[in-house]
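The structure under discussion appears below in the form of structure tokens.
The values are calculated or read from the model by the stated rules, or taken from the named source; none is laboratory data. Worth saying up front: this structure is predicted, and the values here are computed from it rather than measured. Cβ placement follows ideal geometry from the backbone for every residue including glycine, while neighbour counts extend to all protein chains displayed.
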Amino acid sequence: MAYTQPELPFAEDALDPHISANTLGFHYGKHHATYVKKYNDMVAGTPYDDQSIEDVIVATANDPDKAGVFNNGAQAWNHSFYWNCLSPEGGGKPSGEIVAKIESDLGGYDAFKNEFANAAATQFGSGWAWLVLDAGRLKIVKTANAQTPLANGMYPLLTIDVWEHAYYLDYQNRRPDYIAAVIDELLNWEFVSENLLKAQV
């Protein structure tokens with residue numbers, strides 16, 4: 001039951017000029033594809049092969065002997081999730097139920113934006129910044145390398161990839177500029193709202 005890399009939810013050039021087709025070609029076509037292939041190779045013929053990738057991530061999260069399975073599985077899942085967090089029609093302030101939730105739990109959109117951008121900018125080295133639902137409340141967390149909130153019982157709603165391969169071809173060392181472009185121009189708030197509804201069921 002191999003994990004299939006999902007198709008991008010937009011054309012490779014759809015996020016220009018904020019994320020180039022060149023970056024997406026390498027990021028999705030090389031980095032993400034490699035994580036998927038390595039994960040499938042590692043779990044083939046093992047009991048993990050019959051489990052969902054989410055279950056495998058949780059089962060291997062704290063097992064040093066399964067670090068390879070976890071790292072490649074979590075990176076495969078994180079990237080699949082990340083693509084859906086982006087939209088050519090995205091960015092700006094959200095609407096709907098998520099607005100009230102951000103207001104009550106995070107102090108409003110401007111406070112969310114500042115905290116989320118700071119989490120992404122200050123993640124040392126490679127990793128991710130996340131908006132999650134944790135025990136019914138919104139939280140902003142950051143994870144290093146392949147770590148994912150799934151492994152800690154949190155429900156991911158939104159993420160931004162801050163590995164260098166996500167932005168270096170377009171922004172070089174200007175990670176904050178990449179983060180600002182994603183937040184202001186590309187965040188897919190419809191996907192976030194859908195995740196919030198699923199989390200509350």
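Looking only at residues in the stretch 84-100 that are closer than 30 Å to D55 by Cα and surrounded by fewer than 21 Cβ atoms within 10 Å (Cβ to Cβ), which one is modelled with the lowest pLDDT?
E97
Tally up the residues in the stretch 118-159 that are assigned to a helix (DSSP H, G or I) and either β-branched (V, I, T) or over 14 Å from the mean Cα position of the chain (by Cα) (or both), please.
Number satisfying all stated conditions: 4.
For the stretch 169-201, enumerate the residues that are among the hydroxyl-bearing types (S, T, Y) and touching a residue at least 12 places away in the same chain (Cβ under 8 Å).
Residues satisfying the conditions are Y178, S193.
Could you check how many residues of the stretch 5-48 are of a type in the set (S, T, Y), farther than 18 Å from Y178 by Cβ and either touching a residue at least 12 places away in the same chain (Cβ under 8 Å) or touching a helix residue (DSSP H, G or I) at 6+ places or on another chain (Cβ under 7 Å) (or both)?
3
Only one of S80, S95, S104, S87 is farther than 15 Å from N145 by Cα, in contact with a Pro (Cβ under 6 Å, 6 or more places away or on another chain) and among the polar types (S, T, N, Q). Can you tell me which?
None of the others qualify; the one that does is S80.
If A111 satisfies all but one of (1) over 21 Å from D161 (Cα atoms); (2) part of a helix (DSSP H, G or I); (3) over 20 Å from the mean Cα position of the chain (by Cα), what's the number of the condition it fails?
(1)
Has the stretch 179-186 got at least one residue that is surrounded by 15 or more Cβ atoms within 10 Å (Cβ to Cβ), at pLDDT 95 or above, among the hydrophobic types (A, V, I, L, M, F, W, C) and over 19 Å from A14 (Cα atoms)?
Looking through the stretch 179-186, none of the residues is surrounded by 15 or more Cβ atoms within 10 Å (Cβ to Cβ), at pLDDT 95 or above, among the hydrophobic types (A, V, I, L, M, F, W, C) and over 19 Å from A14 (Cα atoms).
Is it true that A135 is surrounded by fewer than 17 Cβ atoms within 10 Å (Cβ to Cβ) and among the hydrophobic types (A, V, I, L, M, F, W, C)?
For A135, the condition - surrounded by fewer than 17 Cβ atoms within 10 Å (Cβ to Cβ) and among the hydrophobic types (A, V, I, L, M, F, W, C) - is met.
Could you list, in sequence order, the residues of the stretch 29-53 that are under 20 Å from N84 (Cβ atoms) and either buried (at least 19 other Cβ atoms within 10 Å of the Cβ) or touching a Phe, Trp or Tyr at 6+ places or on another chain (Cβ under 7 Å) (or both)?
H32, Y35, V36, Y39, I53
Quick check on this structure: which one of T159, T148, T143 is outside the structural domain of N62 (by TED's automatic domain parsing), in contact with a Gly (Cβ under 7 Å, 6 or more places away or on another chain), closer than 30 Å to T60 by Cα and not hydrophobic (A, V, I, L, M, F, W, C)?
T143
Quick grid of which residues meet (1) modelled with pLDDT of 95 or more; (2) in contact with a strand residue (DSSP E or B) (Cβ under 8 Å, 6 or more places away or on another chain); (3) of a type in the set (K, R); (4) more than 23 Å from A129 (Cβ to Cβ):
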| position | (1), (2), (3), (4) |
| --- | --- |
| L15 | yes, yes, no, no |
| H31 | yes, no, no, no |
| T34 | yes, no, no, no |
| D50 | no, no, no, yes |
| D55 | yes, no, no, yes |
| A61 | yes, no, no, no |
| P64 | yes, no, no, yes |
| A67 | yes, no, no, no |
| A74 | yes, no, no, no |
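It is to be established whether one or more residues within the stretch 91-99 are touching a strand residue (DSSP E or B) at 6+ places or on another chain (Cβ under 6 Å) and closer than 23 Å to Q200 by Cβ.
no
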